[in-house]
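Student: Structure in structure tokens, see below.
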Protein chains: 2
Amino acid sequence: MQVQAISNVAAKIDLAGLAACQGLAHRTRPQVAAIGYVQTLDAGETLFAEGDAAANVYQVISGTLRLYKALPDGRRQIVDFPSAEQVLGLSLADQHVYTAEAITEVTLRRYPRAWFERLIAEVPGLAGRLLAAARDELRAAQDQMLLLGRKTAEERIASFLLMLAGRSGALAQRVAVPMSRSDIADYLGLTMETVSRMFAKMKQDGVIALPSPVRVELRDRARLADLAAGAGAMH
Amino acid sequence: MQVQAISNVAAKIDLAGLAACQGLAHRTRPQVAAIGYVQTLDAGETLFAEGDAAANVYQVISGTLRLYKALPDGRRQIVDFPSAEQVLGLSLADQHVYTAEAITEVTLRRYPRAWFERLIAEVPGLAGRLLAAARDELRAAQDQMLLLGRKTAEERIASFLLMLAGRSGALAQRVAVPMSRSDIADYLGLTMETVSRMFAKMKQDGVIALPSPVRVELRDRARLADLAAGAGAMH
DNA sequence: CGAGTAATTGAACCCGCTCAACTATCGTGG
DNA sequence: CCACGATAGTTGAGCGGGTTCAATTACTCG
């Protein structure tokens, strides 16, 4: 019921292709390089911060980022871990509403916001596809609200692992965990220590295996799904 | 920083006007009544449930609803309290992803989904405006994720009261609270009792007054804003 | 192989929850 | 108009899941 499959709708939006096909690249500015310019970030680097002027839209080529909001005293809430093909800054607000940092090395394509907005107006159907992508993001955000508001620590970890598995192929048994325990905690509304303890418990219970901290094997997917759906304690 | 002003973008989408101006009403089906048909719900009535086929899109005319997701054992997370002018079912998914119930008596306009989708394709700029509305909803959802994942009970109540105040005019001192303590709890990831206790504490502290359970007066807006932003304990 | 960082584990604590009793409000019929 | 019942809200006492603080272990990368 609450399977948080990451949508592939955004993935199907081929911005680079549009840039070429529509011949818009050479209509905007002399500096063609600025259109779909490929940028690389090292792990830990900041792409943009909450409150910065939103000058560009990005599409991830490879790697994983963390998007988070922070409170003045440092408490963080990670709202997403965008990876391959996902579009960033879709919000099109004047200012970024979250900070984006690279977790791994990241390559992405950068599009000036003005170009992007013109593209939306000129390419029929694009707005509709972006709307579909935004809809899927909204649904994921609402699933996360249910998780943060009502699920137990163990249910949150189960949901998180299934989400990761869904990203790397729905049937994947071995799942890569590119983010730190602390990032996972800030995504799930827990502490690093609780995340670690729950991994240990689930390993103990035979639900998962942990060959290394960054590698998880899903041993009992049905049990994980029950936990994630909040049906773990039901007869 | 985290002021959760409810966007008015959706409010500016005049679907009824579009239905008339575009002359689409009599192009879809003989039964014109089905286009923008006005529907009334009594308090407590269900508009649609999670999993139902999504046959219509709705726009609220008056009253307030609750949208929630539920876990099998009954735990609930309310994801929004839509009221006047807000568009429901914007997601355009095949199935509704949450349950919608009336909190007060509600009147709304109903549009068949097929008609709505055609409208998006035919009216230039509409998709863009819906995208902007979806973007604002997404931002609100991310603010709520920060609230649910990282804010204390008192900070949640402060955020909630400012959100309510923002809806009924930004400068409103007296705020109507149409939803029950239990609904507030399920929106903020707390229990009814904690909500009640925090109201009592803030009344004690002189931050608010409670002439009646459904009526709140904001006495110290600056303090409320500090609490909502998570800066309540900062020097 | 050693230094620094990330992850794990342990022990005590606390915020918000649970369970329970009580109070206020409101509609309804005698 | 009031008694009554039902529902919503408040308040109290004790508990517990997850946090906090602290120490230990495991990686990772020069």
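We did not get these values from a lab; they are worked out from the coordinates using the rules stated. These numbers were taken from a predicted model, which means no experiment stands behind them. Backbone-built Cβ (ideal geometry, glycine too); neighbour counts: all protein chains shown.
Student: Can you compute 3J(HN,Hα) from phi for each residue in region B:128-142, using the Karplus curve 6.51 cos²θ - 1.76 cosθ + 1.60 with θ = phi - 60°, rounded to whole Hz and x for Gly and Pro?
Tutor: x, 6, 5, 4, 5, 5, 5, 4, 5, 5, 5, 5, 4, 5, 6
Student: Taking amide H atoms as placed 1.01 Å from N in the peptide plane, list the residues 5 or more away in sequence, or in a different chain, whose amide H sits under 5 Å from that of residue A:48.
Tutor: Result for residue A:48 returns A:100.
Student: Right, something else. About its Cα centre, how strong a charge dipole does region B:151-228 have in debye, to the nearest 20, once Lys and Arg get +1 and Asp and Glu get -1 at the Cβ?
Tutor: Dipole about the Cα centre, nearest 20: 180 debye.
Student: Non-local amide H neighbours of residue B:37 (under 5 Å, H modeled in plane, Pro and chain starts lacking H): which ones?
Tutor: The answer is B:110.
Student: Continuing with this model, one more query. Counting only other chains, and only Cβ atoms inside 10 Å, what mean value do you get across the residues of A:65-77?
Tutor: Partner Cβ neighbours, averaged per residue: 5.
Student: Still on this structure, I have one more. Does a label point 7 Å from the Cα of residue B:210, set along Cα-to-beta-carbon, have any residues of region B:173-190 with amide nitrogen under 11 Å, and which are they?
Tutor: Only B:181 fall inside the zone, counting backbone N under 11 Å.
Student: Give me a single rounded figure for A:120-130: the average over its residues of other chain Cβ atoms within 10 Å of their Cβ.
Tutor: 4
Student: Then there is this: Return the aspartates and glutamates within reach of residue A:151: Cα separation strictly under 13 angstrom, same-chain partners fewer than 8 residues apart disregarded; answer none if there are no such residues.
Tutor: Those aspartates and glutamates meeting the cut-off are A:143, A:226, B:73, B:186.
Student: List, in order, the whole-Hz ³J(HN,Hα) value for each residue of region A:100-105 obtained from phi through the Karplus relation with A = 6.51, B = -1.76, C = 1.60 and θ = phi - 60°; use x for Gly and Pro.
Tutor: 10, 10, 6, 8, 9, 5
Student: Then there is this: Arranged from highest to lowest average of other beta-carbon atoms within 10 Å per residue, in what order do the peptides A:223-231, B:87-95 appear?
Tutor: For the peptides A:223-231, B:87-95, the packing ranking is A:223-231, B:87-95.
Student: Same structure again: For region A:63-171, take N as its residue count and report Rg(C-alpha) divided by 2.2 N^0.38 Å.
Tutor: 1.21
Student: For B:188-200, what's the mean count of beta carbons from other chains sitting within 10 Å of each residue's beta carbon?
Tutor: Taking the mean over all residues of the peptide, I get 1.
Student: Relative contact order (percent) for region A:45-126, with alpha-carbon contacts under 8 angstrom and 6 or more residues of separation?
Tutor: With pairs under 8 Å counted, the relative contact order is 43 percent.
Student: Output the direction-averaged projected area (hull surface divided by four) of the convex hull of the alpha-carbon atoms of region A:151-228, in nm².
Tutor: Averaged projected hull area, Cα only: 4.4 nm².
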